[in-house]
Amino acid sequence: MRSLEGRNRSRATIAAYRADVDQFVAWLHETNAVAVSPSDVDKLDVTEYLSRLAARKLTGVSRARKLAAIREYFRHLVDHEQLERSPADGLETPHKEKNARPYLQTDEYSRMLSLAGASPRDFAILQVFLQTGVRVSELCSLRLDDIDLVHGLLHVTGKGQVERTIELERKGIQALKNWLAVRPLSLSDALFLNYQGDPIGSRGVQKLIFKYRTEAGITKRAGCHALRHTFATRKAERGVSPFQLKDWLGHASLNTTQIYVHMAKQNAKKVMEATSL
């Protein structure tokens, strides 16, 4: 996976690709006794693997990512002349379902914030999600010198190691000040720590969000990414331009950001209908 590191892929992406390739190899060992080396793998093996994943009800998004990992693995072998041709060449990428993006209503995230009020760290984590729309991996990667509370700025390193700056508003600044006032001393410069004083990981943040979502009585499937969607949707509803949203969210393409503009327009139609004279 060093080729991925050379292209500035995030550690999370590299770890996911490695796991996907390991799962494919494990499946080959179980189902194809003659596939003892990469040169023994053919296109039918990859096709059957994707079919098996579909039968297990894996989403198109998950299957597309696994195929991307398999492609990357065999491309690396071809580039280093360890293989003549990739068995993944010419395979069509699985269709990605256009599922509705879950986001929280004002009363829902307000209940979560209220429950987290007793914990400066948890409250600050929720506020950073809601006030900046960062990804969970970006939040976990934040360092103490990434926040500028004097000028109200948050420096974020996103996908592909691309850096961006997000303006912090009053609620976010105050929440971070409250957390820094009680943050334990640590050898780590990570902004957010776990209860052992080590940098909090994505899994820990996901458990935290699940805890407050459950305690708040929210039954929809809304994890860390739903808080990002909540930020983007609310901003779009309030007329923030897609160009500004693109910068805040760290999207590579404006097309990705446009979904929130469309969602905002749909909500506007519902409001108009609901308030019909």
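The values are calculated or read from the model by the stated rules, or taken from the named source; none is laboratory data. These numbers come from a predicted model, not from an experiment. As a convention, Cβ positions derive from the backbone with ideal geometry for all residues, glycine included, and neighbour counts pool all protein chains shown.
What to note about this one:
- Here is the figure for segment 174-187: residues that are surrounded by 13 or more Cβ atoms within 10 Å (Cβ to Cβ) and more than 23 Å from the chain's Cα centre (by Cα) total 7.
- Filtered residues of segment 252-262 (kept if within 20 Å of THR165 (Cα to Cα) and either surrounded by fewer than 19 Cβ atoms within 10 Å (Cβ to Cβ) or small (Gly, Ala, Ser) (or both)): ALA252, SER253, LEU254, THR256
- Candidates in segment 227-277 are the residues that are β-branched (Val, Ile, Thr) and not in a helix (DSSP H, G or I); of these, the one that is modelled with the lowest pLDDT is THR275.
- Where a residue in segment 101-120 is free of Cβ contacts under 8 Å to residues at least 40 places away in the same chain and its partner, wherever it lies, is surrounded by 13 or more Cβ atoms within 10 Å (Cβ to Cβ) and assigned to a helix (DSSP H, G or I), with Cβ under 7 Å and at least six apart: LEU113/PHE123; LEU113/LEU126; GLY117/PHE123
- Figure legend. Inter-residue proximity from segment 9-35: first residues outside the structural domain of GLY160 (by TED's automatic domain parsing), second residues among the charged types (D, E, K, R) and surrounded by fewer than 17 Cβ atoms within 10 Å (Cβ to Cβ), beta-carbon distance below 8 Å, spacing 6+ or different chains. Indicated pairs: SER10/LYS159; THR13/LYS159; ILE14/GLU5; TRP27/ARG52; THR31/GLU48; ASN32/ASP40; VAL34/ASP40.
- Just one of (1) part of a loop (DSSP other than H, G, I, E, B); (2) free of Cβ contacts under 8 Å to residues at least 24 places away in the same chain fails for ARG221. It is (2).
- If you go through segment 96-120 and keep only what is part of a helix (DSSP H, G or I) and either at positive phi or surrounded by 21 or more Cβ atoms within 10 Å (Cβ to Cβ) (or both), you end up with TYR109, MET112, ALA116.
- Wholly enclosed helices (runs of 4 or more DSSP H) of segment 8-91 bearing at least 2 residues modelled with pLDDT of 90 or more, under 22 Å from the mean Cα position of the chain (by Cα) and crowded, with 16+ Cβ neighbours inside 10 Å: 11-31, 60-79
- Residues of segment 163-190 that turn out to be assigned to a loop (DSSP other than H, G, I, E, B) and touching a strand residue (DSSP E or B) at 6+ places or on another chain (Cβ under 6 Å), as a count: 4
- Condition check for GLY160 on (1) in a helix (DSSP H, G or I); (2) modelled with pLDDT of 95 or more: one failure, at (2).
- Listed by first and then second residue, the pairs linking a residue in segment 45-72 that is farther than 15 Å from GLU30 by Cβ to a residue that is acidic (Asp, Glu) and in a helix (DSSP H, G or I), with Cβ atoms under 9 Å apart and 6 or more places separating them unless they lie on different chains, are ARG65/ASP20; LYS66/ASP20; LEU67/ASP20; ALA68/ASP20; ALA69/ASP20; ILE70/ASP20.
- The listed residue being among the basic types (Lys, Arg) and under 20 Å from THR13 (Cβ atoms), out of ARG56, ARG52, ARG85, ARG71: ARG71
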